[in-house]
Amino acid sequence: LLNLCQSQFCSIRRIYHELREKEEALQNVEDPHMRTQFLTEFEDESASTKRHTIGFYT
C-alpha cells in the first residue's frame, strides 16, 4: 500500500510540475489566438493525463 501511495504521489507531483512549466511558457505567448490554442491543447492533454494517472489504481 505504501508503494502504491508513493507511486501516486510521484505521478501527481510530476503532473503538477509539468503544468507549472506549461503555464509559465504560456505567459510568454503574446498572440491571443496562439495563447488560446495552446491553452486548449494543454487543458486537453492535462485532463487526459490526470484521468489516466489518478484513475489508474482506483
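The values are calculated or read from the model by the stated rules, or taken from the named source; none is laboratory data. Everything quoted here is computed from the prediction, not taken from an experiment. Cβ coordinates were reconstructed from backbone atoms using ideal geometry, including for glycine residues, and neighbour counts include every protein chain displayed.
Could you grab me the full set of residues in the range 23-40 that are surrounded by 13 or more Cβ atoms within 10 Å (Cβ to Cβ) and at pLDDT 85 or above?
none
Taking only pairs six or more apart or across chains, which ones have beta-carbon atoms under 7 Å, a first residue in the range 1-16 that is under 26 Å from Phe42 (Cα atoms), and a second residue that is not in a helix (DSSP H, G or I)?
Gln8/Tyr57
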